[in-house]
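What follows is a single structure, written as structure tokens, with notes after it.
The values are calculated or read from the model by the stated rules, or taken from the named source; none is laboratory data. Only a predicted model underlies this, so the values are computations on that prediction, with no experimental measurement involved. Don't worry about glycine lacking a Cβ; one is built from the backbone with ideal geometry, like all the others, and counts go over all protein chains shown. With ligands, DNA and RNA removed, areas are computed over all heavy atoms of the protein, side chains included. Shrake-Rupley method; radii C 1.70, N 1.55, O 1.52, S 1.80 Å.
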Amino acid sequence: MTQASTQSDAPLSPAGEALRGKIADRSAVVAVVGLGYVGLPLARVFWDAGFSVLGLDSDPEKIEHLADGRTYLTHLGDDLARPMTAERFEGTTDAARLADADGVIICLPTPLDAHLEPDLSFVDRAAAMVRQTLRPGQLVVLESSTYPGTTRERIGAVLEDSEHAVGRDVFLAYSPEREDPGRSDHSTRTIPKLVGGADPASTALAAELYRAALDEVVPVDSCEVAEAAKLLENIYRAVNIALVNEMKLLLTEMGVDVWKVVDAAATKPFGFQAFYPGPGLGGHCIPIDPFYLSWKAKEHGLTTRFIELAGVVNREMPDYVVSRVQMGLNRDKKAVNGSSILVLGLAYKPNVDDVRESPSLELIEKLQELGAEVDYHDPHVPATHKMRQHDLQMTSVAINAERLVGYDCVLVATHHDAIDWAAVAEHAKLIVDTRGVYRDRYGRDDKVVPA
């Protein structure tokens, strides 16, 4: 476990010492605000460590699922929730229960609005809720992705607007979530945890709380360092994905297989990391985090040209995919208007049910706007639900040889292992492949169009 002696040895007030004692003997109550892809696994990790855990969410259906021992995020499995029904876990929609918590961890969405500017309304509402029940000895930690300064400016200011001083009576820190749904080689417990406080005492206490439940904790100098590190992690990925997506556009026109190019470059043991192209960016972080920093940069009179260019490239990928569908259909003397198209995969990445910011949603809408009759098949997403920007009101269709033959085009959007790709290749009339599933057929099979 990584420790920073300058932080762990920080002098604590009586309220801080009391909280440290509760953390040490596991009598501290940990509240997780937002039981989604980040909050739910985190609640289980603290429960496993022997803490009493309070799960707060505005959706009563989630609370009912957990009370019954069911996990509504299928990639996590019911084994995540079922043990917690025995003891030390309670789900609630009542924000007043935050008064019972010693540690409050906020895991709420930080989306972009229609103008690609940060929407911090969820975080602001959480800060107001915490303020209503604030008492000495409480630690508040934000995990939501955001720009540097958010924790101190948006939550710290609200907490300071009371008789309780941050760093003396109550404590405030930022610890970025690093979840990657569907991974089996890393978990919430094993991923190193960055922790930065609003002051040394807050850093020390937040680090001790996480250290009690996670394998490795990495204290940093401040909230702002931790916030910026989270953005850098995802901007790094967004920029490199944009680079390979742009390479795909050029290499496809040149008749060169981009997948084989990336695989070839990846044989170099240093100086290169493989990133792969796709139909666009998905998930809560990579499509969003870069815009948080570019928005904040304008406040300082700067322009993040490199980051913004990567955003432009990645956001244009769905239009490119649609153009490849049009090209493939035109080759078969068909128009998009009136054609039947099957989109394979609604989730943004393989083998999970996570549809947040999935490019498949945008692809379906764009094809429908052009007059196509669109179905989707996803073994992990049986039906769509209303989202901030999308409400497709669709259900996944079953696929078999007869149904595949009936579509004018099959669009590969997500490469789930559960899909019978051999059957698709055998029976589909036209395949537009955004994921390299059929890259061995590129240039040799007329019905496969790389995209």
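A few comments on the model shown:
- Residue selected from region 146-156 under the condition open to solvent by less than 50 Å² (accessible area, probe 1.4 Å) and not aliphatic (A, V, I, L, M), by the criterion farthest from residue 290 (Cα to Cα): 156
- Strands (runs of 3 or more DSSP E) contained entirely in region 157-219, each with at least 1 residues that are more than 22 Å from residue 129 (Cα to Cα) and either open to solvent by less than 10 Å² (accessible area, probe 1.4 Å) or in contact with a His (Cβ under 6 Å, 6 or more places away or on another chain) (or both): 193-197, 217-219
- Check on residue 407, more than 26 Å from the chain's Cα centre (by Cα), over 24 Å from residue 179 (Cβ atoms) and crowded, with 19+ Cβ neighbours inside 10 Å: yes
- Within region 371-402, the set of residues being free of Cβ contacts under 8 Å to residues at least 60 places away in the same chain and open to solvent by 70 Å² or more (accessible area, probe 1.4 Å) comprises 373, 382, 385, 386, 389, 393, 395, 400, 402.
- Here region 250-303 is the region considered, the condition is being assigned to a helix (DSSP H, G or I) and among the β-branched types (Val, Ile, Thr), and the residue that is farthest from residue 180 (Cα to Cα) is 252.
- Within region 420-451, the residues that satisfy the criterion of being open to solvent by 10 Å² or more (accessible area, probe 1.4 Å), at negative phi and assigned to a loop (DSSP other than H, G, I, E, B) are 420, 429, 435, 437, 438, 442, 444, 445, 446, 447.
- Hits in region 291-310 - residues which are in contact (Cβ under 8 Å) with a residue 24 or more places away in the chain and either hydrophobic (A, V, I, L, M, F, W, C) or open to solvent by less than 10 Å² (accessible area, probe 1.4 Å) (or both): 291, 292, 293, 295, 306, 307, 309, 310
- Among residues of region 313-348, those that are assigned to a helix (DSSP H, G or I), open to solvent by 10 Å² or more (accessible area, probe 1.4 Å) and at pLDDT below 95, counted: 3
- Matching residues, region 140-159, being of a type outside the set (S, T, N, Q), out of contact with any Ser or Thr (no Cβ under 7 Å at 6 or more places or on another chain) and in contact (Cβ under 8 Å) with a residue 12 or more places away in the chain: 140, 147, 148, 149, 152, 154, 155, 156, 158, 159
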